[in-house]
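All of the numbers you see were taken from the coordinates with simple rules; none came from a lab. On a predicted model such as this, the values are computed, not experimentally measured, just so you know. Reconstructed Cβ throughout: ideal geometry from the backbone, glycine too, with neighbour counts over all protein chains shown.
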Amino acid sequence: MNMADVVVVGAGMAGLAAALTAYEKGHDVLVVEASDAVGGRVRTDEVDGYLLDRGFQIFLTAYPVAKRVLDFDALDLRRFQPGALVQTNGAAAKLGDPLRRYEDLVETVKAPVGTPLDKIRLLAWMRKVRSGTVDDVWRAGECTTAVRFADLKFSADFIDTFLRPLFAGITLDPELAVTSRFTEFVFRMLSEGYGAVPARGMGQLGAQLGARLPEGSIWLNSPAESVEEHAVTLAGGETIDARAVIVATDMDHAAELAGTAQLGWNGVTTWWFSADEAPYDEPLLFLNGTGAGVVNNVAVLSNVSPFYAPAGKALIAVSSPVNVEGVSESDIREELAAWFGGGVSSWELLRVDDIGHAQPRHLPGEALPAPVKLDSGLWVAGDHRMNPSINGALQSGRAAARSVLSSLS
């Protein structure tokens with residue numbers, strides 16, 4: 001008979017954080033994972049020498065829980081430059097962060113993106129969200145992101161040209177319907193730190209956490225069929241007894257196993273292209289500020305970390321958070337060619353990631369964070385219980401484990 005003090009169902013970011021928290025306090029842990037690797041939705045595949053994340057993803061170095069849980073030096077984080085290149089109906093313009101890169105001041109001031117007053121208001125908003133603690137951001141009054149931008153008196157042009165594509169690339173919500181609390185949390189993280197990727201792919205986050213658990217404590221290819229307060233039954237019929245069970249699967253499977261409420265999902269489609277030459281040289285996010293087309297953002301990952309592509313090649317992630325049904329590869333190439341020129345025709349399509357369930361949709365009024373312990377005696381963790389970010393997943397996992405430890409003591 002198999003047994004452990006704590007059995008965690010799911011080896012995503014929340015599950016790994018929960019297991020580590022319990023293990024580091026001296027408890028036997030066992031993690032059962034349905035797929036063939038750890039990481040959950042945060043994974044990386046090697047394809048023909050390129051590192052392809054499961055959809056374009058970005059890690060924010062200011063995440064407070066991630067700072068405590070992950071070894072940033074070992075991840076060899078490679079930073080995006082603060083700011084973005086913004087494609088307007090004319091040429092692309094650079095909107096930088098002059099507070100951190102003084103050399104970007106003149107170009108940012110002159111950029112035909114919004115008005116000078118918009119840029120002043122952006123700085124004022126930055127100061128506001130950085131005042132107080134991170135918890136203060138989550139305790140603030142909430143509304144939709146669209147309403148918050150209107151309250152801040154940003155011009156419609158600035159919202160549509162810069163703010164909408166910037167935050168749609170992170171929250172996967174081009175309608176700006178997500179809670180203003182989450183948007184302001186993200187903006188604080190962007191302003192206090194950097195967008196980044198581990199040098200060898202986003203999958204290194206989960207790999208690092210998993211490597212810190214004892215050998216044999218993670219069972220891959222082991223989907224859970226059912227869970228009870230003190231037992232987990234696998235699809236193969238094997239039962240594992242436990243003093244405590246933490247369900248740390250994605251939102252849909254948590255609902256099936258533990259009966260938890262579900263939020264909606266935001267999705268994303270990423271087209272991964274290789275090229276002999278990058279469409280631009282800086283480690284910047286490229287935003288579609290035209291208000292037209294399907295593509296929301298472009299990132300040349302090989303500009304950020306050369307390990308993402310073979311020597312002499314570029315790896316380009318082209319992403320859209322909108323429904324792309326009926327959109328062809330030629331449609332995407334035509335849109336990109338209008339910005340980057342005829343060389344787009346020679347780009348090689350490596351893979352298309354169509355991820356309908358990429359991120360829980362956190363709307364105003366959702367009861368988050370949700371309790372980590374259910375009336376059934378089960379514990380539940382995941383970004384859908386805290387907030388839809390890597391930091392939220394880690395925070396939720398640790399909170400569930402601490403509740404378990406308190407119960408077992």
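Listing for the model above:
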{"read-out": "Selected from Pro116, Ala299, Met3, residue furthest toward positive end of dipole (the chain; charges at beta carbon)", "value": "Pro116"}
{"read-out": "Principal-axis tilt of helix 116-130 within the chain, Cα atoms, nearest 10 degrees", "value": "20"}
{"read-out": "GNM result for the chain, Cα springs below 10 Å: residue of Leu95, Leu315, Leu394 fluctuating most strongly", "value": "Leu95"}
{"read-out": "For region 213-219, Karplus couplings with θ = phi - 60° (6.51, -1.76, 1.60), whole Hz, Gly/Pro x", "value": "8, x, 4, x, 8, 10, 9"}
{"read-out": "Gaussian network model of the chain, Cα within-10 Å springs - most flexible of Leu20, Leu51, Leu257", "value": "Leu257"}
{"read-out": "Alpha carbon convex hull of region 261-377, volume per residue in cubic angstrom", "value": "162"}
{"read-out": "Share antiparallel - DSSP beta bridges, the chain, percent rounded to 5", "value": "70"}
{"read-out": "Arg68/Ser406 FRET efficiency (R0 22 Å; Cβ-Cβ; nearest 0.05)", "value": "0.70"}
{"read-out": "Candidates Pro116, Pro321, Pro306, ranked by Gaussian network fluctuation over the chain, Cα under 10 Å, top entry", "value": "Pro116"}
{"read-out": "Kirkwood Rh in Å, taken over all unlike Cα pairs in the chain", "value": "22.0"}
{"read-out": "Helix axis angle, 13-24 relative to the chain longest principal axis, alpha carbon, degrees", "value": "50"}
{"read-out": "Distance (nanometres) between label positions extended 7 Å along Cα→Cβ at Arg127 and Val47", "value": "4.6"}
{"read-out": "Paramagnetic reach from Glu238 (point 7 Å along Cα→Cβ, amide N under 16 Å) across region 18-42", "value": "29-37"}
{"read-out": "Gain upon complete extension [Val352, Arg101; 0.36 nm per residue less C-alpha separation]", "value": "86.9 nm"}
{"read-out": "Region 384-397 - phi-based ³J(HN,Hα) in whole Hz, Karplus 6.51/-1.76/1.60, Gly and Pro as x", "value": "6, 9, 10, 7, x, 8, 4, 4, x, 5, 4, 4, 5, x"}
{"read-out": "Cα centroid separation, region 164-197 to region 249-286 (Å)", "value": "14"}
{"read-out": "Total charge dipole magnitude, the chain, about the Cα centre, Cβ charges on Lys, Arg, Asp, Glu only, Debye to nearest 20", "value": "1620"}
{"read-out": "Spin-label model distance (nm) - Asn2 vs Arg139, 7 Å beyond Cα toward Cβ", "value": "4.3"}
